[in-house]
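Data first, discussion second: the structure below is written as structure tokens.
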Ligand code: G3P
Ligand code: CA
């Protein structure tokens, strides 16, 4: 398949949606990021007890939902210990502000439906796959069922799957090689040619994004979107170092920075 990267020259990635102003990883945060012209939305995937892939950052539900009120006395608040129906009883918005009351944790499949026909694509981070045996195959199944999003996204280069977990990245790539994959770099990891041959992105913590590292990444044919950069001066510094894009909670601020350059 031919991939043309239909991005802005600097790739604007909304981290958990427009998560500075709306509750992270919710439909409102995603819709705002789309309205604000993000090229990609970065989001995090976990799996429910009954096997639904859901978008939430933490392994557990306490920080971003009212799970303790709805299910008092449970011994675990891990995402993996709740069913999809149980998760849908939780309010995933009020912690950010009363105007967001009633937001629900979305499934990955729902989000892929939302993205259909949008110019905004998906940078999907798979969270700790060691908690979820069979996660790579489950992800393949959801993507294959969402071909109306996936097929055009592959043509325009607007789908990337990334993880901090090297074994997962390799396993997923072997199962679905048409989907570009990225590694979320740990500080001690050095990019090597044998890895770069099949990696599309190498995304480090932004303070590690030196000009030398960006040059090495480009020599190896990968792109780099450092995370998570929210202040204009820091965005300029990361772009001056040679980054291809930025992952930010504030897509509007990044838009302004890009216009200034
Ligand atoms: O996309 C990279 C970044 O999201 C990794 O950190 O903790 O925000 O998922 P975290
Ligand atoms: Ca993430």
message: Could you check the range 96-112 and list, in sequence order, the residues that are assigned to a helix (DSSP H, G or I), within 19 Å of the chain's Cα centre (by Cα) and surrounded by 19 or more Cβ atoms within 10 Å (Cβ to Cβ)?
response: 108, 111, 112
query: Looking at this structure, is residue 130 in a loop (DSSP other than H, G, I, E, B), touching a residue at least 12 places away in the same chain (Cβ under 8 Å), away from ligand 2 (no atom under 16 Å from the Cβ) and over 18 Å from residue 31 (Cα atoms)?
result: no
- request: Just give me the residues in the range 130-167 being within 14 Å of ligand 1 (Cβ to nearest atom) and either more than 18 Å from residue 182 (Cα to Cα) or surrounded by 22 or more Cβ atoms within 10 Å (Cβ to Cβ) (or both), in sequence order.
  value: 160, 161, 162, 163
- prompt: Got at least one residue in the range 154-170 being in contact with a strand residue (DSSP E or B) (Cβ under 9 Å, 6 or more places away or on another chain), without any contact (Cβ under 8 Å) to a residue 60 or more places away in the chain, more than 17 Å from residue 222 (Cα to Cα) and part of a helix (DSSP H, G or I)?
  reply: yes
- line: Only one of 53, 123, 112 is within 16 Å of ligand 2 (Cβ to nearest atom), touching a helix residue (DSSP H, G or I) at 6+ places or on another chain (Cβ under 6 Å) and either at pLDDT below 95 or closer than 30 Å to residue 201 by Cβ (or both), namely 53
query: Are any residues in the range 230-242 in a loop (DSSP other than H, G, I, E, B) and either within 16 Å of ligand 2 (Cβ to nearest atom) or within 27 Å of residue 23 (Cα to Cα) (or both), and if so, which ones?
result: 230, 231
- line: Scanning the range 175-229 residue by residue, those closer than 24 Å to residue 259 by Cα, away from ligand 1 (no atom under 12 Å from the Cβ) and either touching a residue at least 40 places away in the same chain (Cβ under 8 Å) or assigned to a strand (DSSP E or B) (or both) turn out to be 223
- prompt: Does residue 42 qualify as being within 16 Å of ligand 1 (Cβ to nearest atom) and in contact (Cβ under 8 Å) with a residue 24 or more places away in the chain?
  reply: yes
- prompt: Name the residues in the range 62-77 that are touching a residue at least 40 places away in the same chain (Cβ under 8 Å) and either away from ligand 2 (no atom under 16 Å from the Cβ) or in contact with a strand residue (DSSP E or B) (Cβ under 8 Å, 6 or more places away or on another chain) (or both), would you?
  reply: 65
query: Which one is surrounded by the fewest Cβ atoms within 10 Å (Cβ to Cβ) among residues in the range 33-50 that are under 24 Å from residue 182 (Cβ atoms) and more than 14 Å from ligand 2 (Cβ to nearest atom)?
result: 37
Criterion: at pLDDT 95 or above and buried (at least 24 other Cβ atoms within 10 Å of the Cβ) - qualifying residue of 70, 11: 11
- line: The residue that is surrounded by the most Cβ atoms within 10 Å (Cβ to Cβ), considering only those in the range 202-226 that are out of contact with any helix residue (DSSP H, G or I) (no Cβ under 6 Å at 6 or more places or on another chain) and within 19 Å of residue 40 (Cα to Cα), is 225
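The values are calculated or read from the model by the stated rules, or taken from the named source; none is laboratory data. Since this is a predicted model, take the numbers as computed values, not measurements. Glycine also receives a Cβ, built like all others from the backbone with ideal geometry; neighbour counts cover every protein chain displayed.
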